[in-house]
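Below is one structure; the comments refer to it alone.
The values are calculated or read from the model by the stated rules, or taken from the named source; none is laboratory data. The shown structure was predicted, so the numbers you read here are calculated from the model rather than taken from an experiment. Because the Cβ atoms are built from the backbone with ideal geometry, glycine has one as well, and the counts that use them run over all protein chains shown.
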Amino acid sequence: MLILIVSIIFGGAIGYAIVMGLTILPFYPKRPAKIGPFEVHGAIRRYWPAITERIGTIAETEFLSEDDLRSKVEQMDIDSEVEPLIDQKMDAFFDDVIKQVPMAAMFLQGSMADTLKEQAKGQLVQLIPELKEKMVDKIGQEFSPRQLIAEKLQSLDLDDVERRLQHEMHAPCVELRMYGSALGAVLGLVQGIVLWILV
């Protein structure tokens with residue numbers, strides 16, 4: 001009976017210790033440590049650049065691709081914003097011309113002025129789709145969601161990141177340790193029964 005009790009306790013302790021080690025390894029040691037021919041380093045710190053790149057790639061692929069950005073820009077209702085602005089700027093331009101050249105008033109007032117404005121506005125409005133396309137191309141060249149997210153993550157204080165992760169993962173880690181302990185205890189019970197039968 002003593003063999004069974006010892007095996008259960010020993011198995012549970014080993015299961016708990018193994019899972020605890022696995023939940024600690026991502027964070028420690030914070031500095032690379034040499035153990036014989038091996039170098040031990042916390043997995044998060046060691047692979048942080050690769051992790052941030054991967055997160056950036058996933059975010060860009062799943063949430064904010066260049067196609068998504070292009071679609072959003074194309075859906076923007078710029079026309080309704082631009083047309084009143086064109087009218088306002090052209091009125092101001094004609095007023096300035098008339099002030100500078102009073103004789104121009106005979107051409108830049110009344111129906112002729114309205115016709116000129118409509119023709120000019122029509123040409124400018126037709127440029128809006130091309131401007132949208134140029135905007136998307138420029139943003140695509142200058143802005144990479146993957147790179148931006150990766151750089152933001154890499155600029156974070158790793159100590160603070162690890163503290164937050166440990167805080168958020170505390171309850172799941174404790175639960176995993178309990179499962180590890182229970183599994184170890186079951187294996188210890190089986191081993192104890194085998195030893196008890198053999199002895």
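Restricting the search to region 29-40, which residues are more than 25 Å from the chain's Cα centre (by Cα) and either closer than 28 Å to Y179 by Cα or of a type in the set (S, T, Y) (or both)? Steps first, answer last, please.
Residues of region 29-40 that are more than 25 Å from the chain's Cα centre (by Cα), as a first pass: 29, 31-40.
Those that are more than 25 Å from the chain's Cα centre (by Cα) and either closer than 28 Å to Y179 by Cα or of a type in the set (S, T, Y) (or both): P29, V40.
Scan region 28-46 for residues that are in a helix (DSSP H, G or I) and either surrounded by 14 or more Cβ atoms within 10 Å (Cβ to Cβ) or touching a helix residue (DSSP H, G or I) at 6+ places or on another chain (Cβ under 7 Å) (or both) and jot them down.
Keep residues of region 28-46 that are in a helix (DSSP H, G or I), which gives 43-46.
I44, R45, R46 - these are the residues of region 28-46 that are in a helix (DSSP H, G or I) and either surrounded by 14 or more Cβ atoms within 10 Å (Cβ to Cβ) or touching a helix residue (DSSP H, G or I) at 6+ places or on another chain (Cβ under 7 Å) (or both).
Considering (1) free of Cβ contacts under 8 Å to residues at least 40 places away in the same chain; (2) surrounded by 12 or more Cβ atoms within 10 Å (Cβ to Cβ), say which one M103 fails and leave the rest.
(2)
Per-residue answers, yes or no, for (1) loosely packed, with under 12 Cβ neighbours inside 10 Å; (2) in contact with a helix residue (DSSP H, G or I) (Cβ under 8 Å, 6 or more places away or on another chain); (3) outside any helix (DSSP H, G or I):
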residue	(1), (2), (3)
A13	no, yes, no
I18	no, yes, no
P26	no, yes, yes
D68	no, no, no
L85	yes, no, no
F93	no, no, no
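Condition first: within 12 Å of M90 (Cα to Cα), in a helix (DSSP H, G or I) and at pLDDT below 75. Now tell me which residues in region 101-139 satisfy that.
The one that is within 12 Å of M90 (Cα to Cα), in a helix (DSSP H, G or I) and at pLDDT below 75: A113.
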